[in-house]
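Down below is the structure, laid out as structure tokens.
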Amino acid sequence: MKKISLFTLLIAGLATKLFAQSAPLDQFKADKFGMFLHWGLYAQTAGDWKNHAVKGGEHFMLYERIPVNEYATIANQFNPVKFDADAWVKQAKDAGMKYVVFTAKHHDGFAMYNSASSDYNIVKRSPFKRDPIAELAKACKKYQLMLCLYYSLGRDWQDPDVPTNWPVKAGRSNTWDYPNEDAKVFNRYFERKVKPQITELLSNYGPIGVLWFDTPELISKTESAELKALVHQLQPNCLVNNRIGNGLGDFSISEQSLTPSSKKAWESCLTIGKNWGYNRHDSTWKSPEVLVRHLVEVVANGGNLLLNIGPKGDGTFPDWATARLKAIGSWMKINQEAIYGTQPWLVVKESNTTSEENTSIEASKSATKDAVFDGTPQSVAPDVYYTAKDKLIYVFLRSWQTPQVVLKQINNQNTAIKDINLLGSKKKIKWSSSKQELKLDLPADFKATTNVPVYVLKITTN
């Protein structure tokens with residue numbers, strides 16, 4: 001029997017560990033589309049406080065400087081009896097989403113689950129007395145969606161030991177209840193609340209796909225590493241985003257922006273309206289066309305889209321959110337093969353860079369903003385984006401108006417074309433190719449192939 005060297009064992013162990021970590025990330029990158037759910041006490045107030053509209057959306061406790069004891073009284077009226085986890089997750093499933101990210105604890109420090117380590121939670125403080133995460137876990141298992149959990153890491157306005165440094169020292173701290181910023185020791189909060197609650201979340205609800213941390217603020221590199229080790233100890237396949245802090249995330253986040261935040265794995269998180277949490281004063285919402293355009297642009301750049309819904313205080317989705325989810329779902333049923341499991345093609349889009357430049361400009365403008373902002377383009381000018389899978393190239397004709405299509409990038413890449421189809425149509429596409437361009441005519445009734453004016457050509461190559 002041959003002896004196996006220690007070096008061989010170490011290499012084998014390292015390879016096993018890397019495979020274990022890469023497989024969940026590969027699946028996450030293939031899923032492409034998820035639902036973000038911002039739900040908490042701020043849903044009950046719905047944008048109002050003491051007979052006036054608040055600033056800061058779901059951050060209004062900070063903007064209004066509301067004492068913890070006073071803010072906590074909102075829980076007395078928070079009784080979302082219409083909450084139906086099955087209905088929520090089914091809507092995500094029908095919209096073509098593959099995972100759900102739910103706010104287990106937002107910046108206000110109020111836990112939206114039955115936390116044993118802090119009684120400041122929905123089960124112990126509200127008349128509702130139910131655990132939403134337990135019910136969401138059951139529904140996600142039923143519909144085969146991955147449950148993921150958001151956790152505010154470096155901001156917690158209920159805890160006395162959470163200093164912040166954005167945009168300046170104490171800029172996002174509770175200084176009205178706890179005015180001595182220099183006396184706050186993050187590690188005390190980290191040991192007392194963060195680690196116990198993360199342990200609860202990863203121990204009590206089955207497989208968690210992602211711990212979606214937010215606002216690392218003043219967490220140290222040692223604490224970030226300790227937190228990631230705790231996550232992997234409890235659930236080795238659970239991913240963490242870059243907001244765990246100190247460069248230790250598995251993927252990065254672009255918030256309210258379509259601009260890639262990483263050359264590797266990244267996710268864009270967007271609102272439909274202005275706010276993350278439900279706000280009765282929100283009255284301007286992105287159209288299904290704009291939302292599908294955003295999905296296409298993000299996926300063509302190699303990212304995932306996490307689209308936010310802010311459920312109401314009674315536990316239901318706003319009508320405008322439900323309508324948009326249905327419209328996206330109808331489009332996805334026809335065109336989903338061009339989204340799931342695809343990669344960026346050799347080029348992202350045709351040479352017209354107007355949309356791309358606007359995205360970057362708006363994102364840079366919003367880089368230093370907080371709470372309520374949106375850096376995404378709202379243009380619906382016709383343009384062309386690409387994704388690819390195996391020997392297939394998918395061409396997205398966004399907001400397209402005419403049957404005539406001229407593509408220059410296809411032949412620039414020396415592509416050998418075997419066939420071209422329009423998803424949603426059985427009619428044959430006639431096309432001609434030269435060294436300079438690929439020309440084709442869509443069927444006369446191409447606009448009837450889908451409910452949103454974003455059309456997809458499927459090019460099969462040799």
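The values are calculated or read from the model by the stated rules, or taken from the named source; none is laboratory data. Quick caveat: nothing in here was measured; it's all calculated off a predicted structure. Here Cβ is always computed from backbone atoms with ideal geometry, including for glycine, and neighbour counts include all displayed protein chains. Heavy atoms of the whole protein, side chains included, go into the accessibility calculation; ligands, DNA and RNA do not. Shrake-Rupley method; radii C 1.70, N 1.55, O 1.52, S 1.80 Å.
The simple spin-label model puts a point 7 Å past each Cα toward its Cβ; for K426 and K195 those points are separated by 6.4 nm.
Taking the centroid of alpha carbons for each part, the stretch 102-129 and the stretch 35-50 are 14 Å apart.
Between S351 and Y143, the simple spin-label model (points 7 angstrom out along Cα→Cβ) gives 4.5 nm.
So what is the relative contact order for the stretch 14-341, in percent, with contacts set as C-alpha pairs under 8 Å and at least six apart?
Numbers: 645 pairs, mean separation 78.5, N = 328.
Reported relative contact order: 24 percent.
Placing pseudo-labels 7 Å out from each Cα toward the beta carbon at K439 and S283 gives an inter-label distance of 5.0 nm.
How about the stretch 25-86: which trypsin sites (Lys or Arg not before Pro) there are in a DSSP loop, with at most 14 other Cβ atoms within 10 Å of their Cβ?
Details: sites: K29, K32, K50, K55, R65, K82; in loops: K32, K50, K55, R65, K82.
The qualifying sites are K50, K55, R65, K82.
Positive end of the dipole of the chain (Cβ unit charges, origin at the Cα centre): among S262, L438, N451, the Cα lying farthest that way belongs to L438.
For a modelled paramagnetic label at Q378, 7 Å from Cα along Cα-to-Cβ, the residues of the stretch 35-60 in reach, with backbone nitrogen under 19 Å, are 56-57. Counting only protein heavy atoms and a probe of 1.4 Å, the accessible surface of the stretch 14-341 is 52% carbon and sulfur. Calculated mean residue ellipticity at 222 nm for the chain: -8500 deg cm²/dmol, from DSSP H runs with n ≥ 4 weighted as -39500 (n - 2.57), summed, divided by the residue count and rounded to 500.
Around L230, under 12 Å between beta carbons, what's the net of Lys plus Arg minus Asp minus Glu among the other residues?
Details: positive: K195, K228; negative: E191, E200, E223, E226.
My count for the surroundings of L230 gives -2.
Along its three principal directions, the equivalent ellipsoid of the stretch 94-153 from the Cα gyration tensor extends over semi-axes of 23, 13, 8 Å, largest first.
Seen from A265, the other residues with C-beta closer than 12 Å to its C-beta sum to a net charge of 0, counting Lys and Arg as +1 and Asp and Glu as -1. Bridges between two residues of the chain, per DSSP, are antiparallel at a rate of about 50%.
Pull out the extension gain between K263 and V81, defined as 0.36 nm times the separation in residues minus the alpha carbon to alpha carbon distance; nm, one decimal. Each step should come with its number before you reach the end.
Numbers: separation 182, 0.36 × 182 = 65.52 nm, distance 4.38 nm.
Contour length minus Cα-Cα distance gives 61.1 nm.
Measuring spread by the Cα atoms of the stretch 51-130 yields a radius of gyration and Dmax of 14.8, 41 Å. A simple charge model with +1 on the Cβ of Lys and Arg, -1 on the Cβ of Asp and Glu and nothing else charged puts the dipole of the chain at about 1460 debye relative to its Cα centre.
If I stretch the segment between A116 and W320 completely, what's the gain in nm (0.36 nm per residue apart, minus their alpha carbon distance), one decimal? Please list the in-between numbers first.
Numbers: separation 204, 0.36 × 204 = 73.44 nm, distance 3.61 nm.
Roughly 69.8 nm would be gained on extension.
A straight Cα-to-Cα reach below 15 Å connects K129 with the aspartates and glutamates D84, D119, D314, residues fewer than 8 places away in its own chain not being considered.
Charges were assigned to the Cβ only: +1 to each Lys and Arg, -1 to each Asp and Glu. The resulting dipole of the stretch 113-195 about its Cα centre is roughly 440 debye. Selection among A323, N462, Q343 by position relative to the dipole of the chain gives N462 as farthest towards the positive end (Cβ unit charges, Cα centre). Other residues with beta-carbon under 13 Å from the beta-carbon of N421 carry, at +1 per Lys or Arg and -1 per Asp or Glu, a net charge of +4.
To the nearest 20 debye, what is the magnitude of the charge dipole of the stretch 423-462 about its Cα centre, counting +1 on the Cβ of each Lys and Arg and -1 on the Cβ of each Asp and Glu? Spell out each step's value before the answer.
Numbers: 8 positive and 3 negative charges, 28 e Å.
I would put it at about 140 debye.
Ranking S152, T164, A229 by Cα position along the charge dipole of the chain, where only Lys, Arg, Asp and Glu carry charges on their C-beta atoms, puts A229 farthest toward the positive end.
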